[in-house]
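Rule-based calculations on the coordinates, nothing more; no lab input. Treat the numbers as computed from the prediction; the structure is a model and nothing was measured. Please note: Cβ atoms are built from the backbone with ideal geometry, for glycine as well, and neighbour counts cover all protein chains shown.
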Amino acid sequence: MIRVIVVDDHHESRQRIIGELKAGNLINVIGEAQTSDEALQLSEKLLPDVVLLDLHLPGLLNSVSLVQKLSALRNVKVLAFADNNKAAEVQDLLEAGASGYILKSDSSVLTRMSLLMVARGSKNILSPALPRQINRLTSQERTILRYTSRATKPEKAATELGITEAQLNDALSHLATKLDLGTIADLKKWAKKNGF
């Protein structure tokens, strides 16, 4: 049996997840936490095989910092477990050390299977509901998408990025091609839809 800590700040959601994980007798839930601080303290104490981690928890640590600290613990792996498929943060969390990113809307069978795969060392486990292109983006490309999505005008995004508007347009054209999205307008819609 794999040893799992479930981290979710909503009690009802946490109890439902724990109930679903117990089906099949393959997963032993050894602890639960509702804040980032509790998750780290409990993981340091119990050293689970996998931490099933809800994102954007109350507490002192943000999601990326928490994943980094949890992943640094001896033999502890992290599976991010999100409410929605706003995929902007997926690659940030994978780079921070998470072994995968699944959605709460995924089936309980997929959740259990993902936990088992992560416990056995699999990496880059992604929910089938996430856009497949998401793991093709570099850190710099994600930054460009974030600034472009937030800025009301292209020149503002270019200024904030420290590049010219022409360089920004070249980067956006490259990204649109890379992600098979056709035009810069399509890229901007895709970026907004996926939480950039």
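Some observations on this one:
- Mean Cα-pair separation over length for region 100-196, i.e. relative contact order, pairs under 8 Å, 6 or more apart, %: 22
- Pairwise Cα separations in region 133-196 fall into 10 Å bins from 0 onward with the following percentages, short to long: 23, 63, 14.
- According to the calculation over all Cα-Cα pairs in region 1-45, the P(r) per 5 Å bin from zero is 5, 24, 31, 22, 14, 3, 0 %.
- Over 25 Å (Cα to Cα) - which of Lys22/Lys192; Lys77/Lys104; Lys45/Lys77; Lys69/Lys123; Lys77/Lys189; Lys69/Lys189 fall in this group: Lys22/Lys192; Lys77/Lys189; Lys69/Lys189
- Only Cα pairs under 8 Å and 6+ residues apart enter the sum, and on that basis the relative contact order of the chain stands at 16 percent.
- Distribution of pairwise C-alpha distances over region 72-160, 10 Å bins, in %: 16, 41, 27, 12, 4
- If the convex hull is drawn through the Cα atoms of the chain, its volume per residue in Å³: 116
- Dipole magnitude (debye, nearest 20) for the chain, charges at Cβ of Lys, Arg, Asp, Glu: 380
- Cut-off 19 Å, label 7 Å out along Cα→Cβ of His11, residues of region 39-58 by amide N: 39, 54, 57-58
- Inter-site label distance for Arg74 and Leu110 at 7 Å from Cα along Cβ, in nm: 3.6
- In straight-distance terms, cross-link reach from Lys178 covers every one of the aspartates and glutamates whose alpha-carbon lies under 14 Å from its own, apart from those fewer than eight places away in the same chain; here that gives Glu141, Asp170, Asp186.
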